[in-house]
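Below: one structure, written as structure tokens.
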């Protein structure tokens with residue numbers, strides 16, 4: 001029953017996302033087969049809806065994978081340096097290969113994100129934290145260091161303005177023809193579901209996973225690679241969006257448990273729903289202007305993050 005309510009809410013948010021915007025678009029316009037209405041729908045609203053859903057799904061699934069690898073519920077790409085590393089990779093590609101296309105820039109973002117994630121996991125495994133909150137705190141410090149390096153690099157090469165586009169998530173520029181790379185998230189989600197049982201075992205720790213016959217290092221590396229591809233595709237398309245991968249897995253785990261084979265579809269659906277909600281809020285707050293989703297998602301996600309910490313340690 002709870003899943004049906006979530007599915008119904010998701011469908012309603014999808015409909016609102018199609019109808020809300022600077023250009024008024026009603027169901028009557030669509031039913032009358034108006035050329036202008038259908039052009040707006042096909043060239044702008046549907047691509048934006050697809051990008052929102054896929055980004056929300058991808059970021060929520062990334063959070064699940066990282067939390068299983070690090071064995072901490074407060075970790076996701078925004079609190080482990082992944083988003084900042086991807087931005088740094090894009091900036092390096094802009095200087096090293098200024099004429100390169102989107103695919104090459106995404107490859108740079110992927111490599112930087114993967115390397116940064118490996119280093120973060122190595123740091124966390126080496127330091128034995130008694131307080132679980134310290135794990136994301138270290139990640140935030142790590143990400144801040146990477147962000148500072150990126151800003152210094154951008155300042156030295158006079159591309160600080162270009163960097164601003166990758167720092168704050170924004171779906172307002174999504175139109176047909178410049179967002180399709182985000183579809184890479186679909187095979188990532190499928191692979192994550194196929195390996196869901198292994199990622200569940202991974203969360204039990206290296207000793208337990210190895211005793212159950214799981215190749216811990218290979219599975220963890222695969223998980224980090226899936227995260228890196230998703231983060232790179234997201235940042236190159238719409239920019240950095242924080243906290244989705246943190247709050248959604250935690251909320252789903254509180255209600256449905258931690259068996260990924262059973263909860264992963266719910267995590268994906270809830271992540272898409274949260275991002276749709278934040279986007280609709282951003283479009284309505286100062287209508288007809290738009291607040292970037294990086295700000296609305298960061299605000300909502302930050303509040304939920306604090307509530308989760310307070311709930312865990314009340």
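Taken together, the values in this text are just the output of simple stated rules run on the coordinates, not laboratory data. Everything numeric in this text was worked out from a predicted model, so none of it was measured. Please note: Cβ atoms are built from the backbone with ideal geometry, for glycine as well, and neighbour counts cover all protein chains shown.
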Exercise. Does residue 269 satisfy the condition of being within 28 Å of residue 144 (Cα to Cα), crowded, with 18+ Cβ neighbours inside 10 Å and either in contact with a strand residue (DSSP E or B) (Cβ under 8 Å, 6 or more places away or on another chain) or touching a residue at least 24 places away in the same chain (Cβ under 8 Å) (or both)?
Worked result: no
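So which of 234, 200, 230, 296 ends up being under 21 Å from the mean Cα position of the chain (by Cα) and closer than 14 Å to residue 68 by Cβ?
200
Every residue, every condition in (1) within 30 Å of residue 48 (Cβ to Cβ); (2) out of contact with any strand residue (DSSP E or B) (no Cβ under 8 Å at 6 or more places or on another chain); (3) not in a loop (DSSP other than H, G, I, E, B), yes or no:
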site: 173; (1), (2), (3): yes, yes, no
site: 183; (1), (2), (3): yes, yes, yes
site: 191; (1), (2), (3): yes, yes, yes
site: 217; (1), (2), (3): no, yes, yes
site: 220; (1), (2), (3): no, yes, yes
site: 231; (1), (2), (3): yes, yes, yes
Exercise. Within 25 Å of residue 17 (Cβ to Cβ) and either in contact with a strand residue (DSSP E or B) (Cβ under 7 Å, 6 or more places away or on another chain) or assigned to a loop (DSSP other than H, G, I, E, B) (or both) - does that describe any residue in the range 242-263?
Worked result: yes
For this session: Starting from the range 85-99, take each residue that is closer than 11 Å to residue 111 by Cβ and list its partners that are in a loop (DSSP other than H, G, I, E, B), counting only C-beta distances under 7 angstrom and pairs at least six apart or across chains.
Result: 93/100
Exercise. Only one of 216, 193 is over 15 Å from the mean Cα position of the chain (by Cα), touching a residue at least 60 places away in the same chain (Cβ under 8 Å), surrounded by fewer than 24 Cβ atoms within 10 Å (Cβ to Cβ) and at negative phi; which?
Worked result: 193
For this session: Take residue 303 and decide whether it is closer than 13 Å to residue 55 by Cα and surrounded by fewer than 24 Cβ atoms within 10 Å (Cβ to Cβ).
Result: no
For this session: Say whether the condition of being within 13 Å of the chain's Cα centre (by Cα), over 17 Å from residue 143 (Cβ atoms) and surrounded by 18 or more Cβ atoms within 10 Å (Cβ to Cβ) is met by at least one residue in the range 82-91.
Result: no
Exercise. Which is surrounded by 14 or more Cβ atoms within 10 Å (Cβ to Cβ), farther than 25 Å from residue 111 by Cα, in contact (Cβ under 8 Å) with a residue 60 or more places away in the chain and touching a helix residue (DSSP H, G or I) at 6+ places or on another chain (Cβ under 9 Å), of 247, 201?
Worked result: 247
